[in-house]
1. Can you find even one residue in segment 72-80 that is open to solvent by 70 Å² or more (accessible area, probe 1.4 Å), assigned to a strand (DSSP E or B), within 22 Å of Ala113 (Cβ to Cβ) and without any contact (Cβ under 8 Å) to a residue 24 or more places away in the chain?
2. Ser109 - would you say it is touching a residue at least 12 places away in the same chain (Cβ under 8 Å), under 25 Å from Leu34 (Cα atoms), of a type in the set (S, T, N, Q) and part of a strand (DSSP E or B)?
3. Identify the residue in segment 89-101 that is open to solvent by less than 40 Å² (accessible area, probe 1.4 Å) and of a type in the set (A, V, I, L, M, F, W, C) and, among all such residues, is farthest from Arg118 (Cα to Cα).
4. If I filter segment 41-71 down to residues being over 15 Å from Leu108 (Cβ atoms) and hydroxyl-bearing (Ser, Thr, Tyr), which single residue comes out as surrounded by the most Cβ atoms within 10 Å (Cβ to Cβ)?
5. Tell me yes or no: at least one residue of segment 83-99 is in contact (Cβ under 8 Å) with a residue 60 or more places away in the chain and aliphatic (A, V, I, L, M).
6. State all residues of segment 120-137 that are open to solvent by less than 80 Å² (accessible area, probe 1.4 Å) and not in a loop (DSSP other than H, G, I, E, B); if no residue qualifies, say none.
7. Conditions first: (1) charged (D, E, K, R); (2) within 25 Å of the chain's Cα centre (by Cα); (3) open to solvent by less than 60 Å² (accessible area, probe 1.4 Å). Lys27 passes all but one, so which condition is the exception?
8. Find all pairs meeting these conditions: Cβ atoms under 7 angstrom apart; at least six residues apart or on different chains; first residue within segment 42-62 and free of Cβ contacts under 8 Å to residues at least 24 places away in the same chain; second residue small (Gly, Ala, Ser) and buried (at least 19 other Cβ atoms within 10 Å of the Cβ).
Amino acid sequence: MPPNIRRFLPLILVAFFLLFLLPTLLKKKSTSGLSASARATQTINAMNLIDKGEQAYKAAHGGYTAHLADLVTTSHGLAHDLVIGLAVQLDAGSDAQSFVAQVESNVLSLVRARSGKRLIADTCLIVKSGSGVKCPA
């Protein structure tokens with residue numbers, strides 16, 4: 001190898017790295033093709049389905065459930081809403097007469113709680129504002 005090329009070889013390797021490998025490493029990866037408003041809508045739908053499912057479960061079994069699996073089997077469409085990457089936390093009271101549910105996406109966080117049939121908490125927080133992202137009325 002000629003001495004002139006050997007002298008410039010490190011610079012050529014750095015230029016190759018900057019031109020080809022660095023853009024690939026820094027490329028932004030999207031989590032989903034859904035818009036922010038669609039994610040917010042599915043988050044709200046999931047919370048409504050969980051709430052309706054809990055009420056139906058209480059009517060059938062005499063108490064609320066702390067297991068999401070009990071609700072997915074009876075609430076048609078809940079599994080579809082969960083597939084977008086929602087985080088769901090569900091807890092029932094020790095007497096199964098109350099429950100609290102939290103559903104969170106990357107744009108919206110919802111918390112709903114019931115004691116008996118009475119709604120005791122229904123809160124919403126916009127995590128990341130965007131076009132069409134709003135809390136339910």
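The values are calculated or read from the model by the stated rules, or taken from the named source; none is laboratory data. Because the structure is predicted, anything quoted here is derived from the model rather than measured. Methodologically, a virtual Cβ is constructed for each residue, glycine included, from the backbone with ideal geometry; neighbour enumeration extends over all protein chains shown. Accessible surface is based on the protein model in full, side chains and every heavy atom, while ligands, DNA and RNA are left aside. Shrake-Rupley method; radii C 1.70, N 1.55, O 1.52, S 1.80 Å.
1. no
2. So Ser109 fits the description; yes.
3. Across segment 89-101, the extreme among qualifying residues is Leu90.
4. Only one residue fits best here, namely Tyr64.
5. No, every residue in segment 83-99 fails to be in contact (Cβ under 8 Å) with a residue 60 or more places away in the chain and aliphatic (A, V, I, L, M).
6. Result: Ala121, Thr123, Cys124, Ile126.
7. (3)
8. Lys52/Ser75
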